[in-house]
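The block underneath contains the structure these notes are about, expressed in structure tokens.
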Amino acid sequence: MLLEWIYDLTHALLKPFKRILKPNSFAEKAMIAIEKVGKEVVFDCQMCGQCILHSTGMVCSMNCPKNLRNGPCGGVRLNGHCEVKPEQTCVWVKIYEGSLASPKYGGEMMWIQPPVNRKLQDSSSWVNLLHGIDQKMKTVWQTQDEKDALEPIFRGSNEKE
Amino acid sequence: MKKNKSSMSQLEQVLKSGRFAITSELNPPDSADAEDVNRAAMILAGFCDGINAVDASGANCHMSSMSICALLTRVGYEPVYQISCRDRNRIAIQGDILGAAAMGIRNLLCITGDDVSAGDQPGAKPVFDFDSIQLLRTARMMRDERVFLSGRKITSELPLFLGAAANPFVPPYDWRSKRLAKKVAAGAQFIQTQYCFDVDRFKEYMRQVRDMGLHEQVYILVGVGPLRSYGAANFMRTKVPGIVIPDEIMDRLKKTPKERQQEEGKNICTEIIQQVREIEGIAGVHIMAYRQEELVAEIVRESGLLERKPKSQKAGI
């Protein structure tokens, strides 16, 4: 998937600038402006500051009216539309399709995403990612082993069809 | 699931014993009268291993699920405390979980919750600080690691039997079994499903669930319930989020004379119970008979659930 490739490329390009791209710096302000323009146009980004786009089929989960980060609720309509906004397709229906079309990161839809850190709203996701701020928690939320064990389940039952 | 310490939940004991479990849902009063709760529970208690107290389902305000559960424990009934993410943030929810356990509530059902727009106060602020899976994982962390999300210690045991909901009947269908896997990983030990009216769809879901071996890791209770009339079915189908009623059932009700529709709705319910009971990996049923709770006893009797010996195991182990 092209977007996965763009994500990897952006990550690789920004990594060397980790020291400049510090939280609360001028560089972060510049990044915020870039993210706002870029991601808002392409993904309708809500600037949660802890982007998990690549784990959600390159569709922004924060556009779900219930802000769900771990999958669709039980209210999805039979036509695949949203319970809250009947005129729009359920964000998670799009995420599932996007994840199926994402060979590299699609399985990450199985990860158990931690609660949103509301303090990071309107900060730069890239800066937070480079400095590990977006995943920082005081408790062990999910181990890498568990993530690795869950990921294969995503493709498992599809191959049989 | 079987590795965990016992929560002292009666529902858990029943499920562990292999007996086919029955849970039901209490109609929450719009009063401040404890007697209303007792009366509503009395109709169900004789047949049920657990009574769910809904957390303002459909986003309509009633007596809170926490209070109903507390009242139920006073009279010795076994409540299932439904806790939704719609109305409370993580601070309130973690505190409520402690309080619930302190009051003797042992079963927790973690759900996302219907949006406020479904209810009669659509101007309310939707919270959704957690989603249901985050809520489950947090509750499990509190119980097993004995810490709050902040890392701060909890100073006592927290005996809880953790549950979640599942809706196999809405898109994306293939995702639904994977979502169950996620909920089990997050901490779910039992599942109560949305109303099952489409048995074929449910069989396909359970096939996927068994392929993943999930039926051996979590107790699945199928949601069932009697449709009161064609009109009521039509309302549920169009106005209540997440309920799917196939055309055949709608037709069957429509063809029935009005005065016999309630009876027919009950018959449909018992038929569905008998069908889902035969599906491998089903641990029980969750009977939701909103405003016709008096029918639960008849449904249990007529669907043959009074003989609840384990299917695959010999009784008396």
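Tabulated data
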item	result
Cα shape, segment B:8-122, gyration tensor, a/c 1.5 rule	prolate
Relative contact order for chain B, counting Cα pairs under 8 Å that sit 6 or more residues apart, in percent	19
Least to most buried among B:Leu295, A:Leu78 (fewest other Cβ within 10 Å first)	A:Leu78, B:Leu295
Net length gained if the chain between A:Val37 and A:Lys138 were fully extended (0.36 nm per residue, minus Cα distance)	33.1 nm
For segment A:88-161, convex hull of alpha carbons as volume per residue, Å³	132
Average beta-carbon neighbours from other chains, 10 Å sphere, peptide B:165-178	6
Rounded to 10°, Cα long-axis angle of helix A:2-14 versus longest principal axis of chain A	20
Using θ = phi - 60° and Karplus 6.51 cos²θ - 1.76 cosθ + 1.60, couplings along segment A:26-40 (whole Hz; Gly, Pro as x)	5, 4, 5, 4, 5, 4, 4, 4, 5, 4, 4, 5, x, 6, 5
Per-pair calculated FRET efficiency, R0 = 41 Å: A:Asn24 and B:Val240 via Cβ, rounded to 0.05	0.30
DSSP bridge pairs, segment B:10-300: antiparallel proportion in percent, nearest 5	5
Over chain A, relative contact order from alpha-carbon pairs under 8 Å, at least 6 apart, %	27
P(r) of segment B:10-300 over all Cα-Cα pairs, binned every 5 Å from zero, in whole percent	1, 5, 12, 16, 19, 18, 15, 8, 3, 1, 0, 0, 0
Contour minus Cα-Cα distance for B:Gln10 and B:Tyr173 (0.36 nm per residue)	55.4 nm
Anisotropy class of segment B:128-276 from Cα gyration tensor, a/c 1.5 cut	prolate
Given charges at Cβ of Lys, Arg, Asp, Glu: chain B dipole, positive-most of B:Gly119, B:Leu72, B:Leu180	B:Leu180
Total formal charge among the other residues, if their Cβ is under 15 angstrom from that of B:Leu295, Lys/Arg +1 and Asp/Glu -1	-3
Inter-chain Cβ neighbour average for residues B:130-138, partner chain, 10 Å	6
Options A:Gln144, B:Asn234, B:Val14, ranked by Cα towards positive dipole end of the protein assembly as shown, top entry (Cβ charges)	A:Gln144
Electrostatic dipole magnitude of the protein assembly as shown [Cβ: Lys, Arg +1; Asp, Glu -1; Cα centre; debye, to 20]	1260
Fewest-first sequence of A:Trp141, A:Trp126, A:Trp5 by Cβ atoms within 10 Å of each Cβ	A:Trp5, A:Trp141, A:Trp126
Average other protein chain Cβ within 10 Å of Cβ, residues A:60-68	4
Separation between Cα centres of segment B:14-59 and segment A:95-140, rounded to whole Å	38
Stokes-Einstein translational diffusion, chain A - Kirkwood Rh over all Cα pairs, 0.890 mPa s, 25 °C, in µm²/s	146
At 0.890 mPa s and 25 °C, Stokes D of the protein assembly as shown from Kirkwood alpha-carbon radius, µm² per second	105
Magnitude of the charge dipole, segment B:10-300, Cβ model with Lys/Arg +1 and Asp/Glu -1, debye to 20	700
Furthest towards positive pole of dipole, B:Val276, B:Gly265, B:Leu158, structure part chain B, Cβ charges	B:Leu158
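No value in this document is a laboratory result; all are computed from the given coordinates. Note that the structure is a prediction, hence the values are computed from the model and not measured. Using ideal geometry, Cβ is built from the backbone for each residue, glycine included, and neighbour counts are taken over all protein chains shown.
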